[in-house]
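Bear in mind that the values in this text are calculations on the coordinates, not laboratory data. The structure presented is a predicted model; accordingly, all values stated were derived computationally and were not measured. Cβ: placed from backbone, ideal geometry, glycine included. Neighbour counts: every protein chain shown.
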Amino acid sequence: MWENFDLWKFLAGLGLFLYGMSQLENGVKELAGRRFKVFIKKHTKNKFKAILTGTVVTALLQSSSVVSLMLLAFVGAGVISMKNALGIILGSNLGTTFTGWLVATLGFKVDIEHFIMPFIALGGLLAVLFPKRPQLFNTGLLILGLAFLFLGLSFMKDSISYLAENFDISIFADYGPFVFLLVGFFFTALIQSSSATMVITLSALNAGIIEFHAAAALVIGADLGTTITVLLGGFQGTVSKKRVALGHFLFNLVTDILAFLCMGMLILFITDVLHIQDKLFGLVVFHSLFNLLGIIVFFPFLKQFADFLNNRFSSGDERIGKFIHDTPVEDPEIALEALRNETGHLIQLVLNLWRMAFLQQENKVSNPKSRNFFKPKERFKDYYYQIKQLHGEMINFYGDIQKQSLTEEESLKLSRSISATGNALYAAKDIKDIELDLSNFRKSGNGTLNTLYSQFNEVSHMMINRTEQFLLSTEEGLFLEDLGKLMLDNQKNYDKMLEMVYDHSNRKHLEEEEIATVLNVNRELYSSCKSIILVLKDQKLNPEQAVQFESLPPFR
């Protein structure tokens with residue numbers, strides 16, 4: 001029997017399918033990623049629109065995990081409310097069933113291998129011939145992804161049909177639906193794609209290897225298994241992200257339990273009421289039907305569900321600030337000191353962000369909420385969002401102080417403090433904008449790029465050390481002179497890097513795009529350094545020194 005099963009063809013089909021899903025996802029995100037984000041922001045004003053948005057975006061992106069991870073970032077940044085986030089999650093579960101509809105209606109009805117040849121040709125040519133034209137290149141990736149998706153399906157379908165010729169289905173008679181549910185759950189959690197599990201299930205059902213009830217149980221298990229991706233992404237982040245991840249898991253858990261308990265009735269409804277006799281079509285209807293059932297059950301209670309999640313985890317974990325939250329604003333002098341200390345804390349967070357971008361002394365990044373051992377890139381993003389959150393907390397505190405009766409001196413201190421926090425955020429944003437470029441330089445096999453990266457790394461190391469020396473120092477007389485020297489050194493480092501890039505011996509080893517990227521990184525690094533110096537000016541210089549500092553040559 002098993003000699004008829006081509007294992008390698010099956011695994012090749014699975015690999016092609018997953019690769020196709022990945023390329024399709026990347027192509028769509030690059031072509032319309034920003035539009036998807038704007039669409040989500042604009043169409044989440046109420047829970048009904050949120051559900052519809054989740055359905056549409058997931059159907060287009062072909063991945064509920066991608067939408068859910070995007071959602072974690074929105075909630076973590078406070079862009080959308082918990083209630084509307086839950087609405088998007090409900091909709092994304094329905095939207096992800098679109099893959100099954102696509103496969104069931106096309107994948108088993110046409111000669112796939114002949115059907116996809118023009119798509120592979122067109123997609124491959126666009127991707128190879130136009131690598132520097134994003135629209136055409138990403139269109140090529142999208143077409144290739146769709147072609148590989150169907151080619152993988154063809155491989156899996158053929159390998160399983162060979163097995164089905166001599167397969168005795170009675171060996172599964174003793175296995176109850178619960179076993180198939182567990183198989184669906186663990187397999188999907190392992191490969192991180194419920195769509196792939198759905199396609200394998202459709203192939204096995206089409207070949208007659210499993211019965212409809214077993215296939216239905218596999219699909220329910222896959223629906224729950226897909227939540228693992230979001231759990232990994234959310235529980236390593238901020239409190240808001242943890243709540244969204246928990247909400248996603250609980251929604252799927254309750255929906256899948258209901259689907260499993262009502263599986264017999266749902267199947268009878270499909271066969272006897274809807275009169276659907278095609279097994280493949282019936283399975284995708286079942287998948288959509290139980291997700292729609294989950295939406296109907298949860299829809300009236302979204303607000304209560306959101307309130308339940310908002311009460312989970314310690315609310316104190318949301319506060320990044322160390323000094324301002326327990327300080328009364330009614331005493332301006334104490335409040336201003338707390339704000340000044342918090343600014344020092346903010347600078348340290350920015351310096352830690354620098355360390356992460358340049359891979360320097362990562363052990364100093366000690367905030368436990370920033371740790372994500374599974375995804376270093378997500379850890380960097382989480383840390384940046386924490387800096388933004390702290391900045392927001394300080395702005396709120398600033399607003400409360402401003403309402404008090406302040407002397408002229410206190411007003412000046414308050415103004416300088418808020419200027420410092422703004423410059424600290426600018427310094428962080430500049431580094432965030434070049435983090436990917438720095439990573440690419442670090443991994444590049446181009447020796448010239450490696451040399452230029454080493455120079456950037458040296459500048460950042462110097463800046464971090466000198467900034468920390470300023471923060472620790474108490475010798476006020478040296479601040480003006482040393483800070484002026486630091487500003488001049490920053491200008492010299494910027495000019496030195498320009499000379500290195502424009503030098504012919506370096507330029508001939510760089511592509512035009514690489515030259516532009518290096519120049520942009522140099523400009524952003526210079527800007528970030530300058531912003532930190534301005535923070536130090538407001539933190540460490542008195543008003544008279546600050547005026548003298550602003551008259552130095554770099555400011556003229």
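Arrange Thr44, Thr139 by Cβ neighbour counts within 10 Å, fewest through most, would you?
Neighbour counts put them in this order, fewest first: Thr139, Thr44.
Counting pairs of alpha carbon atoms under 8 Å apart in space and at least six apart in sequence, what relative contact order in percent does the range 332-555 give? Before the final figure, lay out each step's value.
Working: 189 pairs, mean separation 62.0, N = 224.
Rounded, it is 28 percent for the range 332-555.
Could you sort the peptides 211-223, 433-445, 527-539, 268-280 by per-residue average Cβ neighbour count (10 Å cutoff), highest mean leading?
Going by the mean number of other Cβ atoms within 10 Å, highest first, we get 211-223, 527-539, 433-445, 268-280.
Quick check on the exposure proxy: order Arg312, Arg466 from fewest to most C-beta atoms within 10 angstrom.
Arg312, Arg466
Which value results for Rg/Rh of the range 332-555 when Rg is the Cα radius of gyration and Rh the Kirkwood radius based on the inverse mean 1/r?
My calculation puts Rg/Rh at 1.00.
Compute the semi-axes of the equivalent ellipsoid of the range 453-526, taking the square root of 5 times each eigenvalue of the Cα gyration tensor, and list them largest first in whole Å.
31, 11, 9
Skipping prolines and chain starts, which residues have an amide H placed within reach, meaning under 5 Å, of the one on Leu541, given they are 5 or more residues away or on another chain?
So Leu541 has HN proximity to no qualifying residue.
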